[in-house]
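Taking it in order: structure first as structure tokens, then the write-up.
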Amino acid sequence: MKLFSSVKDVTDVNQLVSEAIQLKANPFADEHLGKHKTLGLIFLNPSLRTRLSTQKAAMNLGMQVMVMNMDKEGWALETQDGIIMNGTTVEHIREAAGVMGEYCDIIGIRSFPGLKDRDEDYSELIFNKFVQFCGVPVVSLESATRHPLQSLADLITIEELKTTAKPRVVLTWAPHVKPLPQAVANSFAEWMNKADYDFVITHPAGYDLAPEFVGNAVVTNNQDEALAGADFVYVKNWSSYQDYGKILSDGEGWMMTNEKLKLTNNAGVMHCLPVRRGLELSHEILDGPNSLVLNQANNRVWAAQAVIKSMLKGS
Ligand code: CP
């Protein structure tokens, strides 16, 4: 694998999940693979889980890891081609990405959307330019439209815990005080469609995801109807795709609670974290037996390790 930015970059998803589960059972089986190899992790936005889990995954494979918080420590990047750089940007992404590629065997990059210009965000301008100019394999650590390492970890979590071949999986919108990207929801939908589960998306009117991500999911604005019989409930806020980057309402009544859990098939409740307690998800669920958030966070290591291993092997 040379690029991990979407489920479309994976030849065999089942095989990748199986690989991750094997690595979880035997984390150091491939520690020779990464000897004298360097992973560079480039962050243009904050992170806890992605940074630490990917670093741990690389160390399990015997790699050296360099982390750069580009937004705070790097030069201001220019992404437009052909312009005269007489403004605030200091270094062009062509040189910056190329230089990092000289120092690293694999690069991971996180680049959130601006949530102002939908066409620009959905063109993945920064991520794609980085891929184009760095010259080494690239792992997305969350781009403007997708968070594939999170989605792979989520899929691993469901595969480990499901009790039927085709569980009912519900992605439910949750309230938030800030406009958030659609990336986690888009990506989760993309991977759930690939897994061929009984997949339902529920959100208030105006929060439809882009059709390319909705795929074959059933979509409803009736949350209770969606939750009925659910085996897994994935809670996540996202801002509007249609009225791009906007919060359309306070979302009152959309927070997942124990009362709503009664509608489900004693569902496992998932969230990628960080989570706003008492706003997106109730304290009682997060502190209760149905919460799978730490399972998901744990599986971020094995998801990253399976992807990096595949890149090291060049397979
Ligand atoms: N879920 C996730 O990506 O967490 P971080 O933003 O903390 O990396």
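The values are calculated or read from the model by the stated rules, or taken from the named source; none is laboratory data. None of the values given here were measured: they were computed from a predicted structure. Reconstructed Cβ throughout: ideal geometry from the backbone, glycine too, with neighbour counts over all protein chains shown. All accessible areas refer to the heavy atoms of the entire protein, side chains included, with ligands and DNA or RNA removed. Shrake-Rupley method; radii C 1.70, N 1.55, O 1.52, S 1.80 Å.
What does the C-alpha gyration tensor say about the overall shape of the stretch 1-145? Classify as rounded when a/c is under 1.5, otherwise prolate if a/b is larger than b/c, or oblate. It would help to have the intermediate numbers written out before the result.
Details: a/c = 2.18, a/b = 1.66, b/c = 1.31.
Prolate shape, in that a/c is at least 1.5 and a/b is the bigger ratio.
Taking the Cα centre of the stretch 148-296 as origin, sum charge times position over the Cβ atoms of Lys and Arg (+1) and Asp and Glu (-1), and report the length of that vector in debye to the nearest 20.
Using only the charged Cβ atoms, the result is roughly 160 debye.
Tell me, what is the percent relative contact order of the stretch 148-296, built from C-alpha pairs under 8 Å that lie six or more residues apart? Don't skip to the end; give the middle numbers.
Numbers: 285 pairs, mean separation 40.8, N = 149.
Across the stretch 148-296, relative contact order equals 27 percent.
Can you give the FRET efficiency for S249 and K116, using 1/(1 + (r/R0)^6), R0 = 22 Å, r = Cβ-Cβ distance, to the nearest 0.05? Please list the in-between numbers first.
Working: r = 21 Å, r/R0 = 0.93.
For R0 = 22 Å, the calculated efficiency reads 0.60.
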>> Compute the angle between helix 13-25 and the longest alpha-carbon principal axis of the chain, please, reported from 0 to 90 degrees and rounded to the nearest 10.
In response: 80
> Do any GluC sites (Glu not before Pro) in the stretch 193-279 lie in a DSSP loop with no more than 13 other beta carbon atoms within 10 Å, and if so, which?
Replying inline: E252
> Simple spin-label model, 7 Å along Cα-to-Cβ: T38 to K8 in nm?
Replying inline: 3.2
>> With a 1.4 Å probe and all protein chains left in place, how much of the accessible area of the stretch 148-296 comes from carbon and sulfur atoms, in whole percent?
In response: 50
> Once phi is turned into ³J(HN,Hα) by the Karplus curve 6.51 cos²θ - 1.76 cosθ + 1.60 with θ = phi - 60°, what whole-Hz value does each residue of the stretch 43-60 show in order, with x for glycine and proline?
Replying inline: 10, 9, 8, x, 6, 10, 5, 5, 5, 6, 5, 6, 4, 5, 4, 5, 5, 4
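Run lengths n ≥ 4 of DSSP H only: what is the helix-derived mean residue ellipticity at 222 nm for the chain, with -39500 (n - 2.57) per run over all residues, to the nearest 500?
On the way: 13 runs with 120 residues, N = 315.
After summing the helix terms and dividing by residue count, I get -11000 deg cm²/dmol.
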> Where in the chain lies the longest segment free of chymotrypsin sites (Phe, Trp or Tyr not before Pro) that are both loop residues by DSSP (not H, G, I, E, B) and have at most 16 other Cβ atoms within 10 Å?
Replying inline: 76-315
> Label-point separation (nm) for E225 and K162, each offset 7 Å from Cα along Cα-to-Cβ?
Replying inline: 2.5
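Loop-only check: which trypsin sites (Lys or Arg not before Pro) in the stretch 203-281 are DSSP coil with at most 10 other Cβ within 10 angstrom? Intermediate values should be presented prior to the final figure.
Details: sites: K236, K246, K260, K262, R276, R277; in loops: K246, K262, R276.
Hits after loop and neighbour filter: K262.
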>> Can you give me the angle between helix 93-103 and the longest principal axis of the chain, using Cα atoms only, in degrees from 0 to 90, rounded to the nearest 10?
In response: 80
>> Run the paramagnetic zone check for Q132: 7 angstrom along Cα to Cβ, then residues of the stretch 70-113 with backbone nitrogen under 16 Å.
In response: 78-84, 92-99
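Only loop residues by DSSP count here, and only those with at most 13 other Cβ atoms within 10 Å; note down the trypsin sites (Lys or Arg not before Pro) in the stretch 1-75 that meet that.
Working: sites: K2, K8, K24, K35, K37, R49, R51, K56, K72; in loops: K2, K35, K37.
Counting only loop positions with at most 13 other Cβ atoms within 10 Å, the trypsin sites (Lys or Arg not before Pro) in the stretch 1-75 are K2, K35.
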> If you line up the long axis of helix 293-313 against the longest principal axis of the chain, both from Cα atoms, how many degrees apart are they, to the nearest 10?
Replying inline: 40
> What nm distance separates the two modelled labels at I21 and E91, each placed 7 Å from Cα along Cα→Cβ?
Replying inline: 4.3
